[in-house]
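Trainee: The structure that follows is given in the form of structure tokens.
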Amino acid sequence: MDKFRMIFQFLQSNQESFMNGICGIMALASAQMYSAFDFNCPCLPRYNLAYGLGILLVPPIILFLLGFVLNNNISMLAEEWRRPRGQRGKDPAVLRYMFCSMAQRAMIAPVVWVSVTLLDGKCITCAFCTSVPVETLGNASNPSLSQGEMKRVLARIPCKEIYDGQELIANEVAIRYLRCISQALGWCFVLLMTTLAFLVRSLRPCFTQAAFLKSRYWSHYIDIERKLFDETCAEHAKSFAKVYIQQFFEGMSTDIAAAHCHPPRKTPVDVGEAAEKLLGITDQGTMNTALKSWHRSKPPLHLHLPALPSANGWAGEGQPPTHPPAPRKETATYYSRV
Amino acid sequence: MDRFRMIFQYFQSNSESVMNGICGLLALASVKMYTSFDFSCPCLPRYNMAYGLGIMFIPPIALFFCGLILNRQSLVMLEEWRRPQGRRKKDAAVIRYMCSSIMQRAMVAPIVWIVVTLLDGKCLICAFSGSVDPEKFVGFANASLGQVQQLLARVPCKDDELMRNNTSRKAVSRYLRCWSQALGWSILLILIVAAFLARWLRPCFNQVALLQARHWSNYIDIEQKIFEETCCEHSRLFAHKCILHFFESMQEEIKLHSFNLPREGEGAEGEEDLLRGITDQDQMNKLLKMWYYEKPPLDVNQVTQR
């Protein structure tokens, strides 16, 4: 029991570090995904904006949802949220705590993607190349180009091989300008996120420490209770199956003995336990019959307790006892709070 | 119990080394971030200064906040600072000690970034290329005022068409880089001398107060950890009792309402204990349904009359 307790505590104290580990791995995976992704600007007037902003914003949404999916506490939160009130009140503070801690972890990978994208600069260059201020950076006084033509020329800025607007605005100048803006945005975004994270973490002890301790305790409690309940049910199922199967074999053996008009075999005393374990089935034909009936007609899920005088112990025998009516509250004195 | 004590001792001795490790990792991460960052000076008159100084100062601020966030002790310090006095007095010296040790560790990564930036030189070249005196450089001495600003702004961009063959560009670059590296090394020297003096001279001033502050700050940290572990253990036991009582109460109801003959309890005693009186698919379904629809209240005082 001691070992179980220690392992359990280790897991419990490390549940948070386990989730932090997954969170870190997802952040690294997001940076790796970006560098492995082959960015390919379409270099066409309206498509550029859609492509650039799409690459900037759609993968973070996917990563955010993935962060929730990979977090195994999400089902616990959903369960606690949707359960009927019953005899135990629901505390919205606990639900909020669980949701906030999951959301914070899920936000990290998207923030990394957006930062890396902005610091790299390709997306913003692709998306906003048609909005470069040609008057200040190049020669806007070229009269032969209409508005649409100019946009088409500017849209090719990210694609150096097909760019043909050197007289309008030099390619390197435009790219440097857009990249500078993108990197400035990126660093400001990083600073904003770290400042927010710092404020969220440091303002909590100043205002709501007591409520926080309560929510944290009860959210851990709900998690532990769920795990323990599953363990208890698993133990119960094991014992149930054991007794059940034992009774099935005993029933088979009695049945076959009765059908073949053999008196129940008396196992010689010296054979002992091994013979007992055979449960009366000692030849291939009998075993085959047992297996066939296990598959074709499983008996109902009703254990016959030892004191019941049952002669034929199997298949289709007694009906389960009639269900007790809905529990009367006055018998459940356990539940009352004194 | 022995093992628990060993684990606690491990935590105690390693709290500082864990924090030092995080601090070191953050410093390495800051160097890695700088080398993988693709510095790209805009080479435009007003933008250069903003970009160069921005790259030099904004990431250190972000790294500083990261250092504070990743350090667990900063939360402990804040809690100790903001807690109501209650029956335990607050010691300002302990809080100051914790604050200073947290700040020192959080400052390492930003300083590493700034020093690496200065030693590399690109930021300063980008920021101050427009501020050099053009008279000193042959290639720029003859240009008109408006043009000279434009030209100087393009110095950081080696591949710019105007700058590709300009020999004075290299001269300006070298000049600024020299200043940048000198500044970097000087800052490094000053900081190391300051750290050295602080470590050496500290025992001369108020050693006793320092020992006390250090002891009590460790104590607060450990107390917090042990409290969390005790809460975990408690909630585990609470849950265990709650579930057992739930099964027992189901067993009671079944006994009251079922028509089975009273058991005499012979035979598989152990197994039936584990079964807790639930021996039927419907009973089990009912138990699971009750567990979902009517969780028992959080109260393990036993007031049942058996």
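Every read-out reported here was derived from the displayed coordinates using simple, explicitly stated rules and does not represent laboratory data. Nothing here was measured: the structure is a model prediction, and the numbers come from that model. Backbone-built Cβ (ideal geometry, glycine too); neighbour counts: all protein chains shown.
Trainee: In whole angstrom, note down how far apart the Cα centers of the stretch B:20-67 and the stretch A:117-191 are.
Mentor: Spelled out, the Cα-based centre of one part sits 25 Å from the other.
Trainee: Dipole size in debye (nearest 20) for the stretch B:1-204 around its Cα centre, Lys and Arg Cβ +1, Asp and Glu Cβ -1?
Mentor: 760 debye
Trainee: Residue by residue through the stretch B:85-96, which ³J(HN,Hα) values in whole Hz follow from phi under the Karplus form 6.51 cos²θ - 1.76 cosθ + 1.60 (θ = phi - 60°), with glycine and proline marked x?
Mentor: Going residue by residue, I get 4, x, 9, 10, 5, 9, 9, 5, 5, 5, 5, 5 Hz, with x marking Gly and Pro.
Trainee: Write out the trypsin sites (Lys or Arg not before Pro) in the stretch A:75-174 meeting two conditions: DSSP loop, and at most 12 other Cβ atoms within 10 Å of their Cβ.
Mentor: Those that pass, being in a loop and sparsely packed, are A:Arg85.
Trainee: Follow-up question, since we're still on this one. Could you work out how far the C-alpha centroid of the stretch B:150-212 sits from that of the stretch A:214-258, in angstrom?
Mentor: 69 Å
Trainee: Calculate the mean, over all residues of peptide B:48-57, of how many other protein chain Cβ atoms lie within 10 angstrom of the residue's Cβ. Don't jump to the answer; show the numbers that get you there.
Mentor: Numbers: counts 1, 0, 2, 7, 0, 0, 6, 3, 0, 1.
Taking all residues of B:48-57 together, the mean is 2.
Trainee: So which trypsin sites (Lys or Arg not before Pro) in the stretch B:149-196 are both in a DSSP loop and have at most 16 other Cβ atoms within 10 Å of their Cβ?
Mentor: Answer by residue number: B:Lys158, B:Arg164.
Trainee: Please list, in order along the stretch A:38-47, the HN-Hα scalar couplings obtained from phi with the Karplus expression 6.51 cos²θ - 1.76 cosθ + 1.60 (θ = phi - 60°), rounded to whole Hz, x for Gly and Pro.
Mentor: 8, 6, 9, 5, x, 6, 10, x, 8, 5
Trainee: Further question on the same structure: Averaged over A:210-220, how many beta carbons belonging to a partner chain fall within 10 Å of each residue's beta carbon?
Mentor: 2
Trainee: I need A:Arg216, A:Arg46 ordered by Cβ neighbour count within 10 Å, fewest first.
Mentor: A:Arg46, A:Arg216
Trainee: Beta carbons within 10 angstrom, averaged per residue: use that to sort the peptides B:241-249, A:252-260, highest first.
Mentor: Final packing ranking: B:241-249, A:252-260.
Trainee: Give the relative contact order (percent, whole number) for the stretch A:1-210; include only Cα pairs under 8 Å separated by 6+ residues.
Mentor: 26 percent
Trainee: Among the listed pairs A:Lys90/A:Lys238; A:Lys160/B:Lys158; A:Lys214/B:Lys90, give every one whose C-alpha distance is greater than 21 Å.
Mentor: A:Lys90/A:Lys238; A:Lys214/B:Lys90
Trainee: Just tell me how shielded B:230-239 is by partners: mean number of partner chain Cβ atoms within 10 Å of each residue's Cβ, no decimals. The partial results should precede the final answer.
Mentor: Numbers: counts 1, 6, 11, 4, 3, 10, 11, 2, 5, 10.
That works out to 6 on average.
Trainee: With 10 angstrom as the radius, rank B:His215, A:His220 by how many other C-beta atoms surround their C-beta, starting from the fewest.
Mentor: Ranked by crowding around the Cβ, least crowded first: B:His215, A:His220.
Trainee: Work out from phi, with θ = phi - 60° and the Karplus expression 6.51 cos²θ - 1.76 cosθ + 1.60, the ³J(HN,Hα) of each residue of the stretch A:122-137, listed in order in whole Hz, and give x for Gly and Pro.
Mentor: 5, 5, 5, 4, 5, 6, 10, 5, 7, 9, 4, x, 5, 4, 7, 9
Trainee: Note down the net charge around B:Gln104, summing +1 for each Lys or Arg and -1 for each Asp or Glu among other residues with Cβ under 15 Å from its Cβ.
Mentor: Working: positive: B:Arg96, B:Arg105, B:Arg199, B:Arg202, B:Arg214; negative: B:Glu16.
Neighbourhood net charge equals +4.
Trainee: OK, next. Over the stretch B:1-204, what is the mean sequence separation of C-alpha contacts under 8 Å (at least six apart), divided by residue count, expressed as relative contact order in percent?
Mentor: Result for the stretch B:1-204 is 25 percent.
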